[in-house]
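**Student:** Before anything else, here's the structure in question.
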Amino acid sequence: VLASSHWDFVELFLKRESTDDSLFYWRQAKAFYEAALNLPTESSPLTLYYCFLNAGKALLECKGQLYSKRHGVSGDSNAGNKNLKNEIISYKSSGIASALGRYFQDDVIEGNFSMWALLYNLAFVHRAFNLSYPTESIELFTPIKNLRFVLSDFQHYGWFVAETYKSYESKHTLNKLSGIGFRTDGQQEKFAIRFEKKFKWYHQGVKKDNNLKRLSNYQDKFRKHLAYIYGDHTLWYIKRTGVNNLINKHPVTIIFGLMHRLSELARYEPLTLNGHFKLRQNWLLTEFINGAADQFIDMIGCEITNSNIMRPSIRK
């Protein structure tokens with residue numbers, strides 16, 4: 001869908017397809033988002049978090065998911081130096097955060113994580129993270145392009161395939177991805193990788209009617225390994241496994257928890273938050289706060305409408 005505004009498109013969708021409650025929460029989310037636009041970076045987490053909270057409720061209401069009205073997440077600071085590793089975010093067993101985690105099929109629902117580790121697991125700030133902590137992090141995300149499903153002309157099956165960029169055409173890339181079921185695809189002309197598992201796809205007969213259901217079930221097997229950055233041109237990545245500080249949570253639940261902790265600091269400990277902006281993590285935090293809303297709202301909006309929402313290209 002090409003839409004100049006996620007907010008307007010999702011609102012029109014909810015007016016037709018969902019409940020008054022989900023529409024109310026979506027409008028609340030928009031109001032908090034617009035309020036955040038007029039606040040400085042150190043203050044905007046207050047309203048951005050309530051934007052995310054209400055957008056999350058809109059999704060859960062739209063999809064008929066049961067949830068506790070509690071936030072489901074809290075934060076605290078460990079003793080020691082002012083460091084993102086000492087900012088701890090705790091995900092609970094119930095509340096909005098856990099309901100979102102179950103909806104997105106997180107491997108881990110509950111647990112305590114540092115703000116440092118959670119930021120490390122987000123694609124849209126990963127470059128800023130690696131430049132902020134060059135000796136403490138390994139690249140998690142391999143960029144890919146031309147994502148597609150391929151169907152066999154002669155047999156009743158298909159598979160997922162994508163191409164890597166030229167600078168990633170190496171055995172090192174394959175070694176990073178083999179642990180999650182990817183390998184080279186010899187049937188493609190360019191350097192491509194495919195998900196080893198296949199799905200059934202019947203070109204004719206009674207079984208043809210369930211093709212899309214089988215495709216959807218197949219996608220669920222590797223969807224958690226894919227990440228994207230929202231923008232004028234969507235950038236796609238495969239997230240590797242087998243490294244330290246890997247957190248198997250969906251970006252929605254990671255962003256939700258991070259913004260909750262930042263909102264706590266902005267509200268109750270503004271001097272502590274200001275101190276973080278005087279250290280080497282200041283650029284990383286700024287990139288997260290400035291980019292989180294577009295990323296979060298795109299993911300929520302796409303889930304609500306079952307559509308890929310992109311801005312129309314405008315050229316002079």
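The values are calculated or read from the model by the stated rules, or taken from the named source; none is laboratory data. Keep in mind that what you see is a predicted model, and the values were worked out from it rather than measured. All Cβ positions, glycine included, derive from the backbone under ideal geometry; neighbour counts span all protein chains shown. These area figures cover heavy atoms from the full protein model, side chains too; ligands, DNA and RNA do not enter into them. Shrake-Rupley method; radii C 1.70, N 1.55, O 1.52, S 1.80 Å.
**Student:** I need the shape label for the stretch 65-129. Rule: rounded when a/c is under 1.5, else prolate if a/b > b/c, else oblate, with a, b, c from the alpha carbon gyration tensor. Can you show the working numbers first?
**Tutor:** Details: a/c = 2.94, a/b = 1.48, b/c = 1.99.
Cα axes put the stretch 65-129 in the oblate bin.
**Student:** Next up: Can you tell me the relative contact order of the stretch 202-316? Whole percent, Cα pairs under 8 Å, sequence separation 6 or more.
**Tutor:** Rounded, it is 21 percent for the stretch 202-316.
**Student:** Quick one, could you list the DSSP H helices from the chain stretching 27 Å or more along their long axis (Cα atoms) with average Kyte-Doolittle hydropathy of -0.5 or above?
**Tutor:** Taking the DSSP H segments of the chain (at least 27 Å long, mean hydropathy at least -0.5), we get 282-305.
**Student:** Could you sort out which of LYS145/LYS239; LYS30/LYS249; LYS15/LYS69 sit more than 20 Å apart by Cα distance in this structure?
**Tutor:** The pairs that break the limit, which is 20 Å between Cα atoms, are LYS30/LYS249; LYS15/LYS69.
**Student:** Please arrange HIS156, HIS225 by accessible surface area, largest first, computed with a 1.4 Å probe and ligands excluded. Before the final figure, lay out each step's value.
**Tutor:** Numbers: HIS156 80, HIS225 35 Å².
Ranked from most to least accessible, the order is HIS156, HIS225.
**Student:** For the chain, what % of the accessible area comes from carbon and sulfur atoms, probe 1.4 Å?
**Tutor:** Numbers: 7730 of 16090 Å².
After summing per-atom areas, the C and S share lands at 48 percent.
**Student:** Just one of (i) 20.0; (ii) 19.4; (iii) 21.0 is Kirkwood radius over Cα pairs in Å as worked out from the coordinates here. Which one is it?
**Tutor:** Looking at Kirkwood radius over Cα pairs in Å for this model, the match is (iii).
**Student:** Note down the relative contact order for the chain as a percent, whole number, built from C-alpha pairs under 8 angstrom at least six residues apart.
**Tutor:** For the chain, the relative contact order is 24 percent.
**Student:** Divide by every residue of the chain the summed helix terms, -39500 (n - 2.57) for each DSSP H run of at least 4, and state the resulting mean residue ellipticity at 222 nm, rounded to the nearest 500 deg cm²/dmol.
**Tutor:** Result for the chain, helices only: -13500 deg cm²/dmol.
**Student:** Hey, can you find the accessible area per residue of the chain for me, probe 1.4 Å, expressed in square angstrom?
**Tutor:** 51
**Student:** Would you mind checking which residues have amide H under 5 Å from TYR157's amide H? H placed 1.01 Å from N; only 5 or more apart, or other chain.
**Tutor:** Correct list: SER152, TRP201.
**Student:** Further question: Which of the trypsin sites (Lys or Arg not before Pro) found in the stretch 230-284 are loop residues per DSSP with 14 or fewer other Cβ atoms within 10 Å of their Cβ?
**Tutor:** Passing sites in the stretch 230-284 are LYS278, ARG280.
**Student:** Next question, about the same structure. With a/c under 1.5 counting as rounded, go ahead and sort the stretch 254-295 into rounded, prolate or oblate using the C-alpha gyration tensor (a ≥ b ≥ c being the square roots of the eigenvalues; past the cut-off, prolate if a/b is larger than b/c, else oblate).
**Tutor:** Verdict is oblate for the stretch 254-295.
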